[in-house]
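Colleague: Got a structure here, written out as structure tokens. Questions coming.
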Amino acid sequence: FDVPVPFQEFDCLGAERPGHSESEIKITESFDEEARRTRGKMFITTYSSNISRMNQALEVAKKYGKKVCFMGRSFLKARDVGRKLRYMDFPQKMEIKPQDVKRLPASQVMILVAGSQAQVESALTRISQDQDKDIRIQRGDTVIFSADPIPGNELNINGLIDTISKKEARVVYSDITDDFHVSGHGSQNDLKLLLSLTNPKFVLPIG
């Protein structure tokens with residue numbers, strides 16, 4: 001690293017945060033805690049590109065003998081790509097189809113569902129409005145938003161949380177706990193470390 005890299009682009013969305021970004025390990029621990037306390041179905045929504053977050057949920061489902069159902073086109077695509085690239089590995093018998101959910105005790109079911117940003121046609125939005133023929137959110141269920149709101153989506157997400165809460169499900173989201181999401185954007189010390197390792201001559205901050 002003695003010779004400067006001529007040019008480097010830096011993701012600087014976290015540049016206003018001091019310190020380091022937190023470890024993802026705590027999220028697995030939080031999923032584990034919710035799996036133990038939830039008496040109904042366990043819904044987890046996150047960004048569909050976050051295969052590592054899905055793997056954390058799958059690890060907990062495997063530990064507690066839960067069956068897993070993927071809901072939403074983007075999540076099904078992520079599952080297929082993850083398996084193809086061997087980034088996602090879980091026993092085939094763990095996965096169930098939506099129509100199988102109601103045949104199992106609720107406590108044995110984990111649903112990985114698209115719609116963390118309350119997109120109008122997303123799987124979670126449709127389920128919350130009772131528009132899915134197979135799956136309902138009910139009293140005793142837990143719905144975990146394992147993603148921060150993208151700026152501009154806050155009102156829609158809060159509306160979705162309200163709709164789910166009216167069904168007497170427990171809703172966990174970033175405004176009430178930091179236990180289920182860690183930013184993928186480096187904080188100030190992370191950026192300093194990256195600068196020291198790459199030693200660029202020019203830096204282009206991007207977001």
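The values are calculated or read from the model by the stated rules, or taken from the named source; none is laboratory data. Keep in mind that what you see is a predicted model, and the values were worked out from it rather than measured. A quick note on method: Cβ atoms are made from the backbone with ideal geometry, for glycine too, and the neighbour counts reach across all protein chains shown. Calculation scope for accessible area: heavy atoms of the full protein, side chains included, ligands and nucleic acids excluded. Shrake-Rupley method; radii C 1.70, N 1.55, O 1.52, S 1.80 Å.
Colleague: At 7 Å along the Cα-to-beta-carbon direction for both residue 94 and residue 178, put a label point, then send me their distance in nm to one decimal.
Modeller: Those two pseudo-labels are separated by 2.9 nm.
Colleague: Counting every Cα pair in region 22-82, what percent are over 18 Å apart?
Modeller: In whole percent, the long-distance tail amounts to 34.
Colleague: May I pose another question? What is the angle, in °, between the Cα long axis of helix 188-198 and the longest principal axis of the Cα atoms in the chain? Nearest 10 is fine, range 0 to 90.
Modeller: 60 degrees
Colleague: While we're here: Which of the pairs 26/166; 41/84; 63/102; 77/97; 26/84; 62/84 have their Cα atoms more than 25 Å apart in this structure? Before the final figure, lay out the partial values.
Modeller: Details: 26/166 29 Å; 41/84 28 Å; 63/102 21 Å; 77/97 15 Å; 26/84 27 Å; 62/84 20 Å.
Long pairs (Cα-Cα over 25 Å): 26/166; 41/84; 26/84.
Colleague: Okay, next question. Which far-off residues, 5 or more places away or on another chain, put their amide H under 5 Å from the one on residue 111, with H placed in the peptide plane?
Modeller: Answer set, sorted by chain and number: 42, 43, 44, 69.
Colleague: Where the accessible area of the chain is counted over protein heavy atoms with a 1.4 Å probe, how much of it, in %, is carbon and sulfur? Write down the numbers at each step before the final one.
Modeller: Values: 6110 of 11820 Å².
The computed percentage sits at 52.
Colleague: In what order, largest first, do 148, 134 sit by accessible area if the probe radius is 1.4 Å?
Modeller: Final ranking, largest accessible area leading: 148, 134.
Colleague: Using amide H atoms built 1.01 Å from N in the peptide plane, name the residues 5+ places from residue 171, or on other chains, whose amide H lies under 5 Å from its own.
Modeller: Counting only residues 5 or more places away or on other chains, the set is 143.
Colleague: Nearest 10 degrees is fine. How inclined is helix 51-63 to the longest principal axis of the chain, computing both from alpha carbons?
Modeller: So the inclination is approximately 40 degrees.
Colleague: Please compute the modelled spin-label separation between residue 49 and residue 85, points set 7 Å along Cα→Cβ, answer in nm with one decimal.
Modeller: Here the answer is 1.1 nm between the modelled labels.
Colleague: Could you name the aspartates and glutamates in cross-link range of residue 192, using Cα to Cα under 18 Å and dropping any fewer than eight places away on the same chain?
Modeller: Straight-line reach from residue 192, under 18 Å: 2, 9, 11, 16, 22.
Colleague: Sticking with this structure for a sec: What distance in nm separates the simple spin-label points at residue 7 and residue 107, each placed 7 Å from Cα in the Cβ direction?
Modeller: 6.0 nm
Colleague: Provide the per residue accessible area, probe 1.4 Å, for the chain, rounded to a whole number of square angstrom. Spell out each step's value before the answer.
Modeller: Values: 11820 Å² over 207 residues.
Heavy-atom accessible area per residue stands at 57 Å².
Colleague: Can you figure out the FRET efficiency of residue 150 with residue 29, using R₀ = 25 Å and their beta-carbon distance, to the nearest 0.05? Don't skip to the end; give the middle numbers.
Modeller: Values: r = 25 Å, r/R0 = 1.02.
The computed FRET efficiency comes out at 0.50.
Colleague: For the Cα atoms of the chain, what angle does the longest principal axis make with the long axis of helix 154-165, in degrees from 0 to 90, nearest 10?
Modeller: Helix 154-165 and the main axis of the chain meet at about 30 degrees.
Colleague: Now a separate question. Based on Cα coordinates alone, diagonalise the gyration tensor for the chain, multiply each eigenvalue by 5, take square roots, and list the semi-axes in whole Å, largest first. Write out the running numbers ahead of the final one.
Modeller: Details: eigenvalues 239, 72, 48 Å².
So the equivalent ellipsoid measures 35, 19, 16 Å along its semi-axes.
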